[in-house]
1. List the lysines whose alpha-carbon lies under 18 Å from that of residue 131, not counting same-chain residues fewer than 8 positions away?
2. For a paramagnetic label modelled at 7 Å from the Cα of residue 15 toward its Cβ, which residues of the stretch 142-165 fall within the zone defined by backbone nitrogen distances under 16 Å?
3. Using amide H atoms built 1.01 Å from N in the peptide plane, name the residues 5+ places from residue 87, or on other chains, whose amide H lies under 5 Å from its own.
4. In terms of Cα to Cα distance under 21 Å, which lysines are near enough to residue 23, apart from those fewer than 8 places away along the same chain?
5. Return the loop-located GluC sites (Glu not before Pro) in the stretch 1-108 (DSSP other than H, G, I, E, B) with at most 14 other Cβ atoms within 10 Å of their own Cβ; answer none if there are none.
6. Just subtract the alpha-carbon distance of residue 162 and residue 1 from 0.36 nm times their residue separation and send over the number in nm, one decimal.
7. Specify which labelled value, from (1) 10.0; (2) 15.4; (3) 11.1, agrees with mean projected area of the Cα convex hull in nm² derived from the coordinates of the model shown.
8. I want to check the label-to-label distance for residue 28 and residue 45. Put each point 7 Å from Cα in the C-beta direction and report it in nm to one decimal.
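The values are calculated or read from the model by the stated rules, or taken from the named source; none is laboratory data. Only a predicted model underlies this, so the values are computations on that prediction, with no experimental measurement involved. Every residue, glycine among them, receives a Cβ derived from its backbone with ideal geometry; neighbour counts consider all protein chains shown. All accessible areas refer to the heavy atoms of the entire protein, side chains included, with ligands and DNA or RNA removed. Shrake-Rupley method; radii C 1.70, N 1.55, O 1.52, S 1.80 Å.
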Amino acid sequence: MSILKVARMGHPVLRERARALTKSDLLNPLVQKLVDDMIDTMREYHGVGLAAPQVHEGLRLFVALLDEEPGPSSDVVAVVNPEIVPASPAQEEGWEGCLSIPDIRGRVPRFTDVTVSALDREGKAIELKLKGFPARVAQHETDHLDGILFFDRMRSMESLTFLDEYSRFHEKEDDD
């Protein structure tokens, strides 16, 4: 497996709509290797999700830890051509960061409860009912497939902060 180079904010691939994958695309060993490499890259950088555009591939694919409380032993899910439908209108603002925007955090409103319809890495249809943090991760990664970065969703830039200041001043409020 390989650790891939992560595209950083400013690279055009992060602002383009990614191309859908066909079931036959998923049979290609190069696409399967990409999925494995994305998983390794996400783990290497301690991320909870990684979209193909973030590794310079304009494909509608992301990998993520979608457990309620992701940890080192959590299974990584590959999600292909996701469509997200809010299960309720409820939204919650929460802190987000991004491997493509290192060392920056901001508060982003997201639906708290969503259904994700997609294909898995073998091309089988899947439906994921996600709440809370996993729902936030899926929405964040799907935004990457549409050329949207998390600060595009922020209601205000006032919460935009460097990671050091987030750790000093804001992390405690999330623990309460």
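1. Cα-Cα hits under 18 Å: none found.
2. From the stretch 142-165, the list is 144-153.
3. Close amide H contacts, sequence-distant or interchain: 113, 114, 115.
4. 33, 124
5. For GluC sites (Glu not before Pro) across the stretch 1-108 that sit outside H, G, I, E and B with at most 14 neighbouring Cβ atoms in 10 Å, the list reads 16, 68.
6. Details: separation 161, 0.36 × 161 = 57.96 nm, distance 3.15 nm.
Gain in length upon complete extension: 54.8 nm.
7. (1)
8. Taking the two extended label points, one gets 2.2 nm.
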